[in-house]
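So the structure is just underneath, and the comments pick up after that.
The values are calculated or read from the model by the stated rules, or taken from the named source; none is laboratory data. Note that the structure is predicted; figures quoted are calculated from it, not measured. Please note: Cβ atoms are built from the backbone with ideal geometry, for glycine as well, and neighbour counts cover all protein chains shown. Calculation scope for accessible area: heavy atoms of the full protein, side chains included, ligands and nucleic acids excluded. Shrake-Rupley method; radii C 1.70, N 1.55, O 1.52, S 1.80 Å.
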Amino acid sequence: MNWADLRWLVPELVLAAAAVALLGADLVVPADRKRWLGGLALASLVAAGAACAVVLTDLGGLGAPGVRVFADTYTVDAFAVYFKLVALAAVALVVLVSLDYFPGRTPHLGEVFSLLLFSGVGLLLMASASDLILLLLSIEFVSLSSYLLAGFLKRDPKSNEAGVKYFLYGAATTGVMAYGFSLLYGLTGSTILYDIAARLDRAGPAAYLAVGMALAGFGFKVSMVPFHQWTPDVYEGAPTPITAFLSVGPKAAGFAALVRTLSIGVPLEQVNWPVLLAALSAVTMTVGNLLALLQRNLKRMLAYSSIAHAGYVLIALAAWKSAWALQGLLYYLLAYLFMNLGAFFVAIVAAEGTGSDEIPDHAGLSQRAPWVAGAMVVFMLSLTGIPPTAGFFGKFYLFAAAVDAGLLWLAALAVANSVISLYYYVGVLRALYLMPPAAPGPVPVPAGLRVGLLVALIGTLAAGVYPQPVVTFVEVARRLLGS
């Protein structure tokens, strides 16, 4: 191993060191002062973000090609750095909100923050992994941390159920994915994506089988039909900040790993994977939206909404030949980070104020927490895809990619699904604004949650009103993928 390659792993090493330190600190810091451990977690995330900026500078800036290190098993490029920054932002916002959520629910705050940082390490590794073994280990690193976080509230039966179901589904899909990876190795004699692409010649049905089985693991991470069954139960039962994290962090990294694996390791000349993903996109967005219509629980509704949005993002892979495809995927995942985290943060406020996650019980929130309800309007409109929010531009790029690739039927279906989603998103706003409050008095919004909501709101609006900086970054990342 070339020890000089370690400089490209500084963001991951910073997070890993902080996660271990938090585990140790949790044993010695008094219970009434453990909230300060969240400050260490936030500081380490900021340091990792700064390290990502240094890595980008060492590459030679946005326009420079990437580097392959550790015998081509790890690729550092603008594409990877983009997803690493998205992952770090997701973890940071969840840590910020957790500062006020977990005290009183568990005495082990340090463990919560440590597991979030360990998950962050896995997400960063997933964004750069260009070797099947490293990719599988990275996915498992994220999964094991996520299982523990979902079931962290030991006295809550729903949290226990969420952790068990998440583990069982994850174990099954990981086994199928590993078998798919082993088939790719058997066909090519290598686990490195660049070598697989060069050797995957005339593989025939075996290659299709390998890709299909590999999609099981990726589909589990991004909540893609038919690997979505865990999503509503886990989202409902897990602590809400953890649910928010699961809805954006692993999903973004899962798509990053899926894009790199397919675009680099599986040439279109050998396996026509966009056709398969077009069908999965259509089924995923339709199933997610139709089942969301039936939900009265806000967290379950957002879970099915998350499934539908995975279907929208899959449009980019289905329309891979379009120049709009990857640009749309990159932009949409950043927009989704802000608007979906914001929606879950509002769900925390509403649940704390009413003691329930049921949408009818959140009636009149506009009178009890006016600015929170106003933020929810922005998040719901953005998730629907209405301008001038970030969600509008994200869907515009994705739908334009489908049209450009000749997938008019998929674009039309996506528009129809967006119209369907408007019904259940507006249903939430109806409860907040048109129904009388169930109880008088204002709903308190803790400081950490207030800051997290504000950041999500600004991100959702700023990326919609002035998208150019994001567009510039994603265009460079698109051009340099696989360099």
Inset, instruction - Report ³J(HN,Hα) in whole Hz for each residue of the stretch 40-45, in order, from the Karplus equation J = 6.51 cos²θ - 1.76 cosθ + 1.60 where θ = phi - 60°; Gly and Pro get x. - result: 5, 4, 5, 4, 5, 5
Legend entry - Calculated Rg and Dmax of the stretch 275-483 using C-alpha coordinates, Å: 17.5, 59
Inset, instruction - For the chain, report the accessible area per residue in Å² (1.4 Å probe, heavy atoms, rounded to an integer). - result: 35
Legend entry - Net charge of neighbours whose Cβ lies under 11 Å from the Cβ of ASP357, counting Lys and Arg as +1 and Asp and Glu as -1: 0
Legend entry - Sum of -39500 (n - 2.57) over DSSP H runs of 4+, divided by residues of the chain (222 nm, nearest 500): -25500 deg cm²/dmol
Legend entry - Integer Hz, Karplus 6.51/-1.76/1.60 couplings in order for the stretch 273-283, x for Gly and Pro: 5, x, 5, 4, 6, 5, 5, 5, 4, 4, 5
Legend entry - Under 13 Å, Cβ to Cβ, from LEU96 - net charge with Lys/Arg +1 and Asp/Glu -1: +1
Inset, instruction - Taking the Cα centre of the stretch 24-157 as origin, work out the dipole magnitude from +1 charges on Lys and Arg Cβ and -1 charges on Asp and Glu Cβ, in debye rounded to 20. - result: 400
Legend entry - Dipole moment magnitude, nearest 20 debye, the chain about Cα centre, only Lys, Arg, Asp, Glu C-beta charged: 500
Inset, instruction - Determine the shape class of the stretch 226-315: with a ≥ b ≥ c the square roots of the Cα gyration tensor eigenvalues, call it rounded for a/c under 1.5, and otherwise prolate if a/b is greater than b/c, oblate otherwise. - result: oblate
Legend entry - Listed residues GLY66, GLY441, ALA350: farthest to the positive end of the dipole of the chain (Cβ charges): GLY441
Inset, instruction - Mind pulling the angle between the C-alpha long axis of helix 390-404 and the longest principal axis of the chain? Nearest 10 degrees, somewhere in 0 to 90. - result: 30
Inset, instruction - Pull up all non-local amide H partners of GLU358: gap of 5 or more, or a different chain, and H-to-H distance under 5 Å with H placed in the peptide plane. - result: LEU298
Inset, instruction - For ASP131, list long-range residues whose amide hydrogen, built 1.01 Å from N in the peptide plane, is under 5 Å from its own amide hydrogen. - result: LEU193
Inset, instruction - Just order 119-128, 393-402 by mean Cβ neighbour count inside 10 Å, highest at the front, would you? - result: 119-128, 393-402
Inset, instruction - May I ask you to give the percent of accessible area on the stretch 275-483 that is carbon plus sulfur, with a probe radius of 1.4 Å? - result: 71
Inset, instruction - Step through the residues of the stretch 20-31 one at a time and calculate ³J(HN,Hα) from phi using the Karplus curve (6.51 cos²θ - 1.76 cosθ + 1.60, θ = phi - 60°), rounding each to whole Hz and writing x for Gly and Pro. - result: 5, 4, 5, 4, x, 5, 4, 7, 10, 6, x, 4
Legend entry - TYR169 accessible area, 1.4 Å probe, all protein chains in place, Å² to nearest 10: 90
Legend entry - For Cα extents along the principal axes in Å, calculated from these coordinates, the label among [x] 68, 56, 41; [y] 65, 48, 47; [z] 62, 59, 40: [x]
